[in-house]
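The values are calculated or read from the model by the stated rules, or taken from the named source; none is laboratory data. This one's a predicted model, so the numbers in the text were calculated from it and none came from an experiment. Every residue, glycine as well, gets a Cβ built from its backbone with ideal geometry; the counts of neighbours run over all protein chains shown.
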Amino acid sequence: MSDSDGRKTLGLGGSRPSNVKQSFSHGRTKNVVVETKRKRVVVPKPGGQKQTGPGAGPVGDPSKRPAGITDSEMERRLKAVQAAKAREVEEAAARAAEEKARAEERERRRAEIEAKEAADRAREESLKAKAEEEARAKREAEAAAKAAAAAPAPAPAQARTPNKPAPAATPRKSERDREETNKKNRQSDDRRSGKLTVNQALRGGEGGRQRSMAQMKRKQERARQKAMGGSVEREKVVREVQLPPAIVVSELAARMAEKTGAVVKALMTNGMMVTQNETIDADTAELIIEEFGHKVVRVSDADVEDVINIIEDDEADLQGRPPVITIMGHVDHGKTSLLDAIRNAKVVAGEAGGITQHIGAYQVTTDNGAVLSFLDTPGHAAFTSMRSRGAQVTDIVVLVVAADDAVMPQTIEAIAHAKAAQVPMIVAINKIDKPAADADKVRAALLQHEVIVEKMSGDVQDVEVSAITGQGLDELLEAIALQAEILELKANPDRAAVGAVIEAQLDVGRGPVATVLVQNGTLRQGDIFVVGEQYGKVRALIDDQGNRVKEAGPSVPVEVLGLNGTPEAGDVLNVTETEAQAREIAEYRANAAKDKRAAAGAATTLEQLMANAKADEDVSELPILVKADVQGSAEAIVQAMEKIGNDEVRVRVLHSGVGAITETDVGLAEASNAPIMGFNVRANASARNTANQKGVEIRYYSVIYDLVDDVKAAASGLLSNEIKENFIGYASIKEVFKVTGVGKVAGCLVTEGVARRSAGVRLLRDNVVIHEGTLKTLKRFKDEVPEVQSGQECGMAFENYEDIRPDDVIEIFTREEVARTLS
Ligand code: GDP
């Protein structure tokens, strides 16, 4: 018996009185209905007219009947039905068995089909079948009821007298049918109205087995995924999630390979309202990781830095590298002069007319071809601060001692530094050109500090030089080259670069710029790196002669562009594989440093200050704040400050930093009753106002020694009447014009005080002094004027200076002789 048989049956059914057509307006479902009908017809046959009739238990049950139908009426109807069916029943009885078998077969097939996951169609079919089965039963009952009154053939099924179908159907219902009725009642109306959605069909299920839509969907999805291969297992992958002490939500999601949205949601469910860019602590993250079924692997900050841990180079990969030299010595013994002399003597003037670039270090080649890298930042503070940050950059120290002077405090200090760092020394006895020069006296003096030079039968090389005449320079360089040879300095140029920051600053045009001395490996354009608390990608490399280069190998100093912020001198640069690594390391360091600073800051401002004051009751302190244009100057000033003082008084640098003087600086200075020393930097407007209100003294300098002298004088209470600068006005540049015969003219607005033709002027860019000089012209409209008041516009041009830009600020000042006050 096939489906086609079924359909045929349906077709035949048309000729049978029981075939109620109208309700079968929906195609393929009809066949099923027909057979069911037969079944139903057969069942009541045993003719229980009364309630007790076999198989007709519910017939007389008033509860199964629609209201308003009496027993007698019921009985009458039943009789009518039976009468109408008499002939058919006989015939049908024979067919019923066959139909039943067919139905069973069909059921079996349906089960089979379902098992094969050809679910939708089969299910829909069977559902409709059942629906129609019931509908048909009802129609039939109606028809039968009508037929009872008149014709033996059933009337068309549209006879929908509401109170009739149920009683007719009820007697035929088996227990199972009744169970199903509940389920289907809802549907039957839909069926009749011709609406049958897949959803409804599925809801009905078959044989009482119900499945939710979601279940079905899941099942289908699984099957599909299986077919596509493998992705089913993806869900089950348990990942080991590296969890640092703090992690950004999106990064956490990435590490778990989960959707960021899902992680954010999970956090919200746990009461954490965070966005994907926020950082959460490890404990919270651990909760989430476990919730997602992954494994937590806690890592510390140090582990984060593991990616950049120094890989030991294979001996075979190592190649010779130039030595890195720092020149140290007492102030005024000629360090700077010597550095300049060496550079000028040995550096082939650059193409740009011999303009050399001061980037904090430079390389020279000796006559014998040895390459030497000099650190251009003399000063012990730079040397030690670098060492304290873990950057041992220097291979050789050249100790400068003036032949006309003696071994001085800073000479001794330099010796101590070199020894502490275990860096070999070469003594340069400078100013040998001076008549008062006495080199042997210097050699003898050094003996006392355990520096035994070769001339005194020791092993420390000593060379007599003159930075002014150039005498002995070549010998000095050869001595350095020899020392370098002994040291057998090596590096592996074929690895990711490691370097140290020599100088760093925020350049107005180029952004943060750092001079890095490559210590190992080769730094290339495009490299991704982390440096201290900053990171970046090498946008450009500029060598000590101002040339753009593609790469820098071991011991080569280069300016690096492409940083996200300004690092500090002594910070170590490491090239990393990915930007994520670089950023992560930088962020950890920044956070750690912030915590440290917060702790230190609290101690400095309150307890520590008090404690210090108590501990040194008879030593008075002069606290100061230092802000400078570059790290190098800041360190030089701090170092000089530390040296000032005697048994009664000493200078304490509360804070030193790079950049404009801010309100925070003023606040700190006020709290400690300290003056602020600005070296080539200015206070921003709000800091200036606050300082005026709070009476905090801000002093500006452009020569370190002036600053040092002032502090010295203040510390020893010997402030004499000297020249003092008064700021009389500020003007901001709106536009820059080029005027023939005059050059560049700044169209300005005087924002404060007064602009005076005869006064001194400074050009400030981002509160850093770019130029200091005088005015060539001060014009109001077309006229040259002596003064322009605040709020007015004017034209200004500098004497011998053209690099003026819109938004630059012009500071106008006068000098006068006053009695100094230094708080
Ligand atoms: P720094 O403080 O150690 O850097 O010393 P400087 O390089 O600034 O020199 C201090 C002073 O000594 C300057 O006035 C130089 O001109 C002078 N000077 C440096 N080297 C020599 C030298 O070899 N001969 C003479 N006659 N003067 C020198």
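Every residue in region 769-799 that is buried (at least 20 other Cβ atoms within 10 Å of the Cβ) and among the polar types (S, T, N, Q), please.
none
Return yes when VAL453 is of a type outside the set (Gly, Ala, Ser), at pLDDT 90 or above and under 15 Å from HIS330 (Cβ atoms) and no when it is not. Give the derivation first.
Values: of a type outside the set (Gly, Ala, Ser): yes; at pLDDT 90 or above: yes; under 15 Å from HIS330 (Cβ atoms): no.
In short, no.
State all residues of region 328-345 that are aliphatic (A, V, I, L, M) and either within 7 Å of the ligand (Cβ to nearest atom) or touching a residue at least 40 places away in the same chain (Cβ under 8 Å) (or both); if no residue qualifies, say none. Even if it seems obvious, please write down each step before you answer.
Taking region 328-345 as the starting set, the residues that turn out to be aliphatic (A, V, I, L, M) are 328, 331, 338-339, 341-342, 345.
Selection gives MET328, VAL331, LEU338, ALA341, ILE342, ALA345.
Just give me the residues in region 518-537 being assigned to a strand (DSSP E or B), over 20 Å from ALA634 (Cα atoms) and not β-branched (Val, Ile, Thr), in sequence order.
Of region 518-537, the ones assigned to a strand (DSSP E or B) are 518-520, 522-524, 528-531, 534-537.
Remaining after also requiring over 20 Å from ALA634 (Cα atoms): 518-520, 522-524, 528-530, 535-537.
Listed by number, the residues that qualify are GLN519, ASN520, LEU523, ARG524, PHE529, TYR535, GLY536, LYS537.
Which residues, taken from region 651-667, are among the polar types (S, T, N, Q), more than 23 Å from ALA713 (Cα to Cα) and not in a helix (DSSP H, G or I)?
Taking region 651-667 and keeping what is among the polar types (S, T, N, Q), we get 656, 662, 664.
Subsequent filtering for residues that are more than 23 Å from ALA713 (Cα to Cα) retains 662, 664.
Answer for region 651-667, where residues must be among the polar types (S, T, N, Q), more than 23 Å from ALA713 (Cα to Cα) and not in a helix (DSSP H, G or I): just THR662.
Return the residues of region 754-768 that are surrounded by 15 or more Cβ atoms within 10 Å (Cβ to Cβ), under 18 Å from ARG815 (Cα atoms), out of contact with any Ser or Thr (no Cβ under 6 Å at 6 or more places or on another chain) and not basic (Lys, Arg); say none if nothing qualifies. First the steps, then the outcome.
Residues of region 754-768 that are surrounded by 15 or more Cβ atoms within 10 Å (Cβ to Cβ), as a first pass: 754-757, 759-768.
Filter once more, keeping what is under 18 Å from ARG815 (Cα atoms): 754-757, 759-763.
Then drop every residue that is not out of contact with any Ser or Thr (no Cβ under 6 Å at 6 or more places or on another chain), which leaves 754-757, 760-763.
If the condition is that a residue be surrounded by 15 or more Cβ atoms within 10 Å (Cβ to Cβ), under 18 Å from ARG815 (Cα atoms), out of contact with any Ser or Thr (no Cβ under 6 Å at 6 or more places or on another chain) and not basic (Lys, Arg), then VAL754, ALA755, GLY760, VAL761, LEU763 are the ones that fit.
Scanning region 437-452 for residues that are of a type outside the set (Asp, Glu) and farther than 16 Å from VAL463 by Cα, which turns out nearest to the ligand (Cβ to nearest atom)?
HIS449
Conditions: (1) of a type in the set (Val, Ile, Thr); (2) modelled with pLDDT of 90 or more; (3) within 45 Å of the chain's Cα centre (by Cα). VAL785 meets all but one. Number of the miss?
Against the list (1) of a type in the set (Val, Ile, Thr); (2) modelled with pLDDT of 90 or more; (3) within 45 Å of the chain's Cα centre (by Cα), VAL785 comes up short only on (3).
Name the residues in region 312-340 that are surrounded by fewer than 21 Cβ atoms within 10 Å (Cβ to Cβ) and modelled with pLDDT of 90 or more, would you?
Filtering region 312-340 down to residues surrounded by fewer than 21 Cβ atoms within 10 Å (Cβ to Cβ) leaves 312-320, 331-332, 336-337, 340.
Result: LEU318, GLN319, GLY320, SER337.
Which of the residues that make up region 424-456 are touching a residue at least 40 places away in the same chain (Cβ under 8 Å), within 20 Å of ILE325 (Cβ to Cβ) and under 56 Å from the mean Cα position of the chain (by Cα)?
Selection gives PRO424, ILE426, ALA428, ASN430, LYS431, LEU446, VAL451.
Condition check: touching a strand residue (DSSP E or B) at 6+ places or on another chain (Cβ under 9 Å), in a helix (DSSP H, G or I) and either modelled with pLDDT of 90 or more or not hydrophobic (A, V, I, L, M, F, W, C) (or both). Does ASN591 satisfy that? Break it down stepwise before answering.
Numbers: touching a strand residue (DSSP E or B) at 6+ places or on another chain (Cβ under 9 Å): yes; in a helix (DSSP H, G or I): yes; either modelled with pLDDT of 90 or more or not hydrophobic (A, V, I, L, M, F, W, C) (or both): yes.
Yes; evaluated as a whole, the condition is true for this residue.
Any idea which of (1) loosely packed, with under 15 Cβ neighbours inside 10 Å; (2) within 16 Å of the ligand (Cβ to nearest atom) is the one MET408 doesn't satisfy?
So MET408 meets the others, but not (1).
Quick grid of which residues meet (1) modelled with pLDDT under 90; (2) under 19 Å from GLY509 (Cβ atoms):
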residue: SER758; (1), (2): yes, no
residue: ARG765; (1), (2): yes, yes
residue: ILE770; (1), (2): yes, yes
residue: GLY773; (1), (2): yes, no
residue: LYS776; (1), (2): yes, no
residue: GLY791; (1), (2): no, no
residue: MET796; (1), (2): no, no
residue: PRO806; (1), (2): no, yes
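From the list ALA428, ALA414, ALA418, exactly one residue is modelled with pLDDT of 95 or more and either buried (at least 17 other Cβ atoms within 10 Å of the Cβ) or under 30 Å from GLY499 (Cβ atoms) (or both). Which is it?
Values: ALA414 fails: modelled with pLDDT of 95 or more; ALA418 fails: modelled with pLDDT of 95 or more.
Answer to the selection: ALA428.
Only one of GLY565, GLY553 is on the phi < 0 side of the Ramachandran plot and touching a Phe, Trp or Tyr at 6+ places or on another chain (Cβ under 9 Å). Can you tell me which? Break it down stepwise before answering.
Values: GLY553 fails: touching a Phe, Trp or Tyr at 6+ places or on another chain (Cβ under 9 Å).
Selected residue: GLY565, the only one of GLY565, GLY553 that is on the phi < 0 side of the Ramachandran plot and touching a Phe, Trp or Tyr at 6+ places or on another chain (Cβ under 9 Å).
Is region 418-436 home to any residue that is away from the ligand (no atom under 16 Å from the Cβ), among the small types (Gly, Ala, Ser), outside any helix (DSSP H, G or I) and over 15 Å from ALA479 (Cβ atoms)?
Looking for residues that are away from the ligand (no atom under 16 Å from the Cβ), among the small types (Gly, Ala, Ser), outside any helix (DSSP H, G or I) and over 15 Å from ALA479 (Cβ atoms), one finds at least one in region 418-436, hence yes.
May I ask you to verify whether ARG387 is in contact with a Ser or Thr (Cβ under 8 Å, 6 or more places away or on another chain), assigned to a helix (DSSP H, G or I), modelled with pLDDT under 90 and not hydrophobic (A, V, I, L, M, F, W, C)?
In short, no.
State all residues of region 752-767 that are assigned to a strand (DSSP E or B) and under 40 Å from the mean Cα position of the chain (by Cα); if no residue qualifies, say none. Break it down into steps so the answer makes sense when it comes.
Taking region 752-767 as the starting set, the residues that turn out to be assigned to a strand (DSSP E or B) are 752-756, 760-765.
Within region 752-767, ARG762, LEU763, LEU764, ARG765 meet the criteria.
Just to be sure before I move on: is LEU506 at pLDDT 90 or above and part of a strand (DSSP E or B) in the structure I sent? Give the derivation first.
Working: at pLDDT 90 or above: no; part of a strand (DSSP E or B): yes.
The answer is no for LEU506.
When you scan region 223-250, how many residues do you find that are at pLDDT 70 or above and in contact with a helix residue (DSSP H, G or I) (Cβ under 8 Å, 6 or more places away or on another chain)?
Filtering region 223-250 down to residues at pLDDT 70 or above leaves 223-224, 237-250.
Restricting the remaining residues to those that are in contact with a helix residue (DSSP H, G or I) (Cβ under 8 Å, 6 or more places away or on another chain) gives 239, 241-247, 249-250.
Counting residues in region 223-250 that are at pLDDT 70 or above and in contact with a helix residue (DSSP H, G or I) (Cβ under 8 Å, 6 or more places away or on another chain) gives 10.
Residues to consider are VAL397, VAL407, VAL460, VAL465; find the one that is more than 18 Å from PHE374 (Cα to Cα) and in contact with a helix residue (DSSP H, G or I) (Cβ under 6 Å, 6 or more places away or on another chain). I'd like the intermediate steps shown before the answer.
Values: VAL397 fails: more than 18 Å from PHE374 (Cα to Cα); VAL460 fails: in contact with a helix residue (DSSP H, G or I) (Cβ under 6 Å, 6 or more places away or on another chain); VAL465 fails: more than 18 Å from PHE374 (Cα to Cα).
Within the list VAL397, VAL407, VAL460, VAL465, the selection yields VAL407.
Can you name the condition, by its number, that ARG524 falls short on among (1) farther than 14 Å from VAL501 by Cβ; (2) of a type in the set (D, E, K, R); (3) modelled with pLDDT under 95?
Failed condition: (3).
Consider region 464-514. How many of its residues are surrounded by fewer than 17 Cβ atoms within 10 Å (Cβ to Cβ), closer than 30 Å to TYR535 by Cα and either of a type in the set (Val, Ile, Thr) or within 16 Å of the ligand (Cβ to nearest atom) (or both)?
Here the count works out to 1.
Enumerate the pairs (first residue in region 772-784 and closer than 16 Å to ASP803 by Cα; second residue anywhere and of a type outside the set (A, V, I, L, M) and outside any strand (DSSP E or B)) with beta-carbon separation below 7 Å, excluding pairs fewer than 6 apart on the same chain, so at least 6 apart or on different chains.
Once the first residue is closer than 16 Å to ASP803 by Cα and sits in region 772-784, its partners that are of a type outside the set (A, V, I, L, M) and outside any strand (DSSP E or B) give GLU772/SER702; GLY773/GLU799; GLY773/ASN800; THR774/GLU799; LEU775/ARG757; LEU775/GLU799; LYS776/GLU799.
Which residue is nearest to ALA640 (Cα to Cα), if the candidates are limited to region 673-689 and must be among the polar types (S, T, N, Q) and surrounded by fewer than 20 Cβ atoms within 10 Å (Cβ to Cβ)?
Our first condition is that a residue be among the polar types (S, T, N, Q); within region 673-689, this holds for 673, 680, 684, 686, 689.
When the remaining residues are screened for being surrounded by fewer than 20 Cβ atoms within 10 Å (Cβ to Cβ), the result is 673, 684, 686, 689.
Details: ASN673: 21, ASN684: 26, SER686: 29, ASN689: 29 Å.
Looking at the filtered set, the residue picked out is ASN673.
Among residues belonging to region 706-739 that are among the hydroxyl-bearing types (Ser, Thr, Tyr) and at pLDDT 80 or above, point out the one that is surrounded by the most Cβ atoms within 10 Å (Cβ to Cβ). Spell out how you get there, then give the answer.
Pass one, region 706-739, residues among the hydroxyl-bearing types (Ser, Thr, Tyr): 716, 720, 730, 732.
Okay, now just the ones that are also at pLDDT 80 or above, so 730, 732.
Working: TYR730: 23, SER732: 16.
Step by step, filter region 706-739, then rank; the result is TYR730.
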